[in-house]
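The values are calculated or read from the model by the stated rules, or taken from the named source; none is laboratory data. Predicted model, so just to flag it, every value in this text is computed and none were measured. Using ideal geometry, Cβ is built from the backbone for each residue, glycine included, and neighbour counts are taken over all protein chains shown.
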There are 2 protein chains.
Amino acid sequence: MKMSQGVEWAIHCCALLASLPAEVTMRLEKIAEFYDLPLPYLRKQFQALSRAGIVTTTTGPQGGYRLAKTAAETNLLQIYIAIEGDDPCFKCNEIRQQGPTAAFQKDYARPCGIARIMWNAERAWRRELEKATLAELVSDAAKEIDPAKQAASAKWIAACLAER
Amino acid sequence: MKMSQGVEWAIHCCALLASLPAEVTMRLEKIAEFYDLPLPYLRKQFQALSRAGIVTTTTGPQGGYRLAKTAAETNLLQIYIAIEGDDPCFKCNEIRQQGPTAAFQKDYARPCGIARIMWNAERAWRRELEKATLAELVSDAAKEIDPAKQAASAKWIAACLAER
């Protein structure tokens with residue numbers, strides 16, 4: 001089972017937006033440049049993030065993307081769902097209802113025990129992503145990323161914002 | 001993110017084997033018939049289960065598949081890994097090391113904070129599947145499946161074992 005690379009991109013890019021001052025937007029071209037990501041593919045991820053209410057866009061010379069909510073209100077589960085959708089990873093095909101000894105439909109009112117275990121495990125996974133907010137991610141990163149790299153990023157971001 | 005249907009099949013079929021008396025084997029054709037599954041695809045799943053040491057096969061007229069270990073020693077994580085592989089769902093592509101402000105490689109000794117959160121969530125998911133043994137699954141099913149369906153299954157299995 002593989003998560004699409006778009007989730008990784010989307011989380012990194014949202015973390016970049018979370019590090020900007022409030023109300024400040026960044027053009028998608030610049031977000032793509034910051035991580036050296038291909039713009040057409042990243043645009044698709046941002047359309048999905050926008051539909052999910054995670055980012056918002058403004059037009060005009062100062063236009064661009066910013067987080068739609070605060071970084072503390074935005075978590076990694078929301079970003080995952082925006083990109084990958086909200087369907088469970090495990091799809092129960094009710095194979096217990098197949099074969100020569102299958103019972104009547106009424107005897108299968110409760111979901112299959114296997115599906116219950118799989119969905120329970122997915123809930124545990126989702127809870128961990130839900131607990132992880134962008135605010136925490138950015139604050140933890142600030143504590144451990146090399147200060148020279150942080151300064152270089154801050155300088156690049158400031159130049160990119162000043163340019164407009 | 002979607003789990004392959006083979007995982008569902010493999011868990012159901014292993015649960016069927018777990019319900020057989022110790023040392024008793026069942027032919028793959030009969031396992032496929034019990035759940036009305038396509039034999040060629042199911043054979044692939046059983047080859048994977050066999051390589052992973054979850055089932056074992058004996059040849060000859062009494063030959064067939066049985067669990068390699070006890071039902072209490074076999075859990076849903078082992079079955080998942082046998083079918084889907086042991087790679088994490090989230091692959092970190094180190095995009096933090098890309099772009100105009102990327103630092104030196106030595107500054108990225110610790111895994112990316114995003115990858116750490118994703119892998120931590122996967123560990124929570126894996127723990128739930130690891131806790132779920134086939135022994136428990138079969139015992140829980142016996143408590144809730146309609147007795148008439150259970151009797152029909154037991155009769156079908158007995159006839160299939162007697163046939164050899």
**Asked** When you look at B:ARG110, is it outside any helix (DSSP H, G or I) and loosely packed, with under 15 Cβ neighbours inside 10 Å, yes or no?
**Response** yes
**Complete:** Exactly one of B:ALA72, B:ALA15 is under 15 Å from the mean Cα position of the chain (by Cα), surrounded by fewer than 16 Cβ atoms within 10 Å (Cβ to Cβ), hydrophobic (A, V, I, L, M, F, W, C) and at negative phi, and that residue is B:ALA72
**Request:** Would you check which residues across region A:68-97 are part of a helix (DSSP H, G or I) and among the hydroxyl-bearing types (Ser, Thr, Tyr) and list them?
**Result:** A:TYR80
**Asked** Can you tell which of A:ALA103, A:ALA148 is in a helix (DSSP H, G or I), among the small types (Gly, Ala, Ser) and either modelled with pLDDT of 90 or more or over 28 Å from B:TRP125 (Cβ atoms) (or both)?
**Response** A:ALA148
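Restricting region A:69-80 to residues that are hydrophobic (A, V, I, L, M, F, W, C) and in contact (Cβ under 8 Å) with a residue 60 or more places away in the chain, which is nearest to the other protein chains (Cβ to nearest Cβ)?
The first filter runs over region A:69-80 and keeps only residues hydrophobic (A, V, I, L, M, F, W, C), leaving A:71-72, A:76-77, A:79.
Narrowing further to those that are in contact (Cβ under 8 Å) with a residue 60 or more places away in the chain: A:71-72, A:76, A:79.
On the way: A:ALA71: 14, A:ALA72: 15, A:LEU76: 6, A:ILE79: 10 Å.
Among residues in region A:69-80 that are hydrophobic (A, V, I, L, M, F, W, C) and in contact (Cβ under 8 Å) with a residue 60 or more places away in the chain, the one nearest to the other protein chains (Cβ to nearest Cβ) is A:LEU76.
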**Request:** Considering only region A:102-130, state which residues are within 22 Å of the chain's Cα centre (by Cα) and more than 9 Å from chain B (Cβ to nearest Cβ).
**Result:** A:TRP119, A:GLU130
**Complete:** Taking first residues from region B:81-101 that are at the interface with another protein chain (Cβ under 8 Å from one of its Cβ atoms) and surrounded by fewer than 18 Cβ atoms within 10 Å (Cβ to Cβ) and second residues anywhere that are part of a loop (DSSP other than H, G, I, E, B) and hydroxyl-bearing (Ser, Thr, Tyr), the pairs with Cβ under 7 Å that are 6 or more apart or on different chains are B:GLU84/B:SER4
**Message:** Would you confirm whether or not region A:115-131 contains a residue that is surrounded by 14 or more Cβ atoms within 10 Å (Cβ to Cβ), over 30 Å from B:PRO147 (Cβ atoms), in contact with a Leu (Cβ under 9 Å, 6 or more places away or on another chain) and aliphatic (A, V, I, L, M)?
**Reply:** yes
